[in-house]
Amino acid sequence: MTEQGSGSIKVPSRVGVLGFGGLGQAAARVLAPKHEMVLVAIADQKGYAYNSEGLNHSACSATYQSHGSVGYLEPCGTLSNQSIQDLIERADAVDGYFLALPNLPNTFMASVARQFIAAGWRGVLVDAMKRTSAVEQLLGLLPELQAAGITYMTGCGATPGLLTAAAALAAQSYAEIHSVKITFGVGIANWEAYRATIREDIAHLPGYSVEQASAMSDAEIEALLDETNGILTLENMEHADDVMLELAGICDRSRVSVGGVVDTRNPKKPLSTNVQVTGRTFEGKISTHTFTLGDETSMAANVCGPAFGYLKAGLALHRRGIYGLFTAAEVMPQFVK
Ligand code: NAD
């Protein structure tokens, strides 16, 4: 673990990104101009790249896009069918990882957390997982994470993540919270740039399960998107914002609802992403706070920024010997410079 002076980080933290698809590559770009964090490790499905002095994000993305894996990167890449396991064993100087991995099957992220525990690794892990049942699996791992010396931050993307944290903040004006309504709009130029995100969104459509969506071929996904003109409309999703706000003591999970519209053929957002928090003040007034994200901000900006903000917060907790599991609604993210 790198040293920290009072207030700001003096020595950059060494961070890794697991999963190098849409979000993983965006995460590497987000980190590039930062001086408090340096990207030293990347894993994808077919390999990994590691350099304790830092990896060049454009070279990593170019290799991934041309060859399908950062394992082909010269001279730091290694091809592997168990890239995460191999990277954990090889990379001895990583303070924290952002897990930009698909959670398919729905137990995958919890199994990755178990791999870190079993390897005796100590540090900070951050995910941007979406499903309530997936976050609940992590909650079950809390005692093991604590014993292992891992500070795990879950649900730290946009929703859950930024919007859940905004709801926790907005709730402070009220004596009682009546509802938290999250509505997101996502626009991406093509679904192939964010395959796992789209596949996992399809799993939320009526008539689909996680198993069905994971089993769909790319051609089947394209056929489905052709039928809807590239638009996915999602309502009453099983989203972990509910369990996170319940755990943070804000309101019962039944008062939290999440839905949205994803356009897979147009980078323009189909609607403005927002969270509305309705409650009753101590004077008995009913009111609604609305927090709306700027339309120009992409999904990647709203996921990767918070993920690293929570990674920085997790590093501060870890340095103080605070391990276990935390959600985005429980801890403030810190701004990474
Ligand atoms: P993607 O499909 O573009 O990329 C996935 C990456 O993971 C690929 O690089 C792939 O090689 C790698 N991978 C797959 N299996 C692996 C394994 N076993 N070992 C190592 N690497 C492996 O994914 P994406 O669209 O960037 O989405 C990533 C995740 O982020 C999804 O689970 C999605 O639901 C989540 N997400 C969360 C939010 C939020 O606001 N919380 C928003 C968007 C996406």
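Computed from the coordinates by the stated procedures, all read-outs in this text should not be read as laboratory data. On a predicted model such as this, the values are computed, not experimentally measured, just so you know. Reconstructed Cβ throughout: ideal geometry from the backbone, glycine too, with neighbour counts over all protein chains shown.
What are the residues in region 88-121 that are closer than 18 Å to Leu39 by Cβ, touching a residue at least 60 places away in the same chain (Cβ under 8 Å) and surrounded by fewer than 23 Cβ atoms within 10 Å (Cβ to Cβ), if any?
Across region 88-121, the qualifying residues are Ala91, Ala93, Val94.
If a residue must be in contact with a Phe, Trp or Tyr (Cβ under 9 Å, 6 or more places away or on another chain) and not polar (S, T, N, Q), how many such residues does region 166-198 contain?
Total satisfying the criteria: 9.
Being within 11 Å of the ligand (Cβ to nearest atom) and either crowded, with 16+ Cβ neighbours inside 10 Å or touching a residue at least 40 places away in the same chain (Cβ under 8 Å) (or both) is the requirement here; does Ala41 meet it?
no
Of all helices (runs of 4 or more DSSP H) completely enclosed by region 101-194, which ones contain at least 1 residues that are more than 26 Å from Leu234 (Cβ to Cβ)?
The qualifying helices (runs of 4 or more DSSP H) are 108-118, 132-140, 142-148.
State yes or no: is Leu205 more than 13 Å from the ligand (Cβ to nearest atom) and under 24 Å from Pro267 (Cα atoms)?
Yes: the conditions hold for Leu205.
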